[in-house]
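The next block holds one structure in the form of structure tokens; read it before the comments.
The values are calculated or read from the model by the stated rules, or taken from the named source; none is laboratory data. The structure displayed is predicted, hence computed values, not measured ones. Here the Cβ positions follow ideal geometry from the backbone for every residue, glycine too, while neighbour counts run over all protein chains shown.
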Ligand SMILES: Cc1cc2nc3c(=O)[nH]c(=O)nc-3n(C[C@H](O)[C@H](O)[C@H](O)COP(=O)(O)O)c2cc1C
């Protein structure tokens with residue numbers, strides 16, 4: 001699947017069919033996470049792969065009331081190594097890069113899953129302490145997200161997104177792009193503009209012609225009129 005197609009096709013899937021995921025697909029998903037960029041190439045993220053039904057059931061009881069998680073044949077706990085970034089980049093590393101380094105890997109994984117025909121969901125609402133306890137996660141490691149993977153039980157509805165013009169500004173924050181269609185390569189707008197301009201030109205041209213011809217005839221009439229007097 002083309003990358004952009006996968007980006008558009010990816011949806012959060014919240015119910016899976018009872019079918020195991022092929023191991024080579026799971027490996028590819030982890031690989032996709034591994035290849036994501038990281039600040040200073042620190043690779044400060046780790047993933048706990050969970051396929052045991054009992055453990056997945058336990059996870060589902062620690063994510064609010066999101067019991068549908070138990071239908072997923074594969075769950076991944078995405079963990080951030082909280083101290084490495086701080087050592088290298090201070091507070092900015094701790095607060096920002098640590099989160100970003102894991103988040104970017106997660107998105108890679110979700111996209112890889114989509115391209116492999118799998119559904120997925122990023123779950124942020126979970127009891128961190130409980131998850132740490134169940135999976136024996138040390139203090140310097142923070143579970144950042146629970147990810148579900150599996151074959152979807154349904155076809156998700158089409159997404160309704162905010163219009164693309166509202167997503168970006170031109171040159172300065174808050175300044176709406178003057179011609180967003182140019183950025184979007186929507187040339188139909190330009191064509192319509194040109195069409196309108198040429199229509200306006202002809203309308204003006206014919207108006208002038210009419211006026212000019214009118215003057216000529218009116219002038220002649222005036223002469224005739226003068227002659228008559
Ligand atoms: C940081 C983060 C936390 C999220 N937490 C949850 C969650 O706890 N449960 C859930 O069902 N979806 C969760 N989602 C998925 C979003 O609800 C979902 O991405 C959003 O509604 C857009 O839908 P889409 O993924 O189908 O495009 C989370 C997504 C992100 C990025």
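So, in the stretch 113-126, of the ones that are surrounded by fewer than 24 Cβ atoms within 10 Å (Cβ to Cβ) and in a helix (DSSP H, G or I), which residue ends up nearest to the ligand (Cβ to nearest atom)?
So the residue we want is 114.
Here are the criteria: (1) surrounded by fewer than 13 Cβ atoms within 10 Å (Cβ to Cβ); (2) assigned by TED's automatic domain parsing to the domain that holds residue 17; (3) more than 16 Å from the ligand (Cβ to nearest atom). Tell me which single one residue 84 does not satisfy.
(1)
Take the conditions within 16 Å of the ligand (Cβ to nearest atom), modelled with pLDDT of 95 or more and touching a strand residue (DSSP E or B) at 6+ places or on another chain (Cβ under 7 Å) and apply them to residue 135. Does it pass?
So residue 135 does not fit the description; no.
In the stretch 138-165, what residues are part of a loop (DSSP other than H, G, I, E, B), more than 11 Å from the ligand (Cβ to nearest atom) and within 17 Å of the chain's Cα centre (by Cα)?
Matches in the stretch 138-165: 162, 163.
Every residue in the stretch 166-183 that is assigned to a strand (DSSP E or B) and over 24 Å from residue 103 (Cβ atoms), please.
Within the stretch 166-183, 176 is the sole residue that qualifies.
Does at least one position in the stretch 87-102 carry a residue that is crowded, with 22+ Cβ neighbours inside 10 Å, within 13 Å of the ligand (Cβ to nearest atom) and farther than 17 Å from residue 34 by Cα?
Among the residues of the stretch 87-102, not one is crowded, with 22+ Cβ neighbours inside 10 Å, within 13 Å of the ligand (Cβ to nearest atom) and farther than 17 Å from residue 34 by Cα, which makes the answer no.
With within 26 Å of residue 161 (Cβ to Cβ) and assigned by TED's automatic domain parsing to the domain that holds residue 112 as the only criterion, which of 12, 39 stands out?
When all the criteria are applied, what remains is 12.
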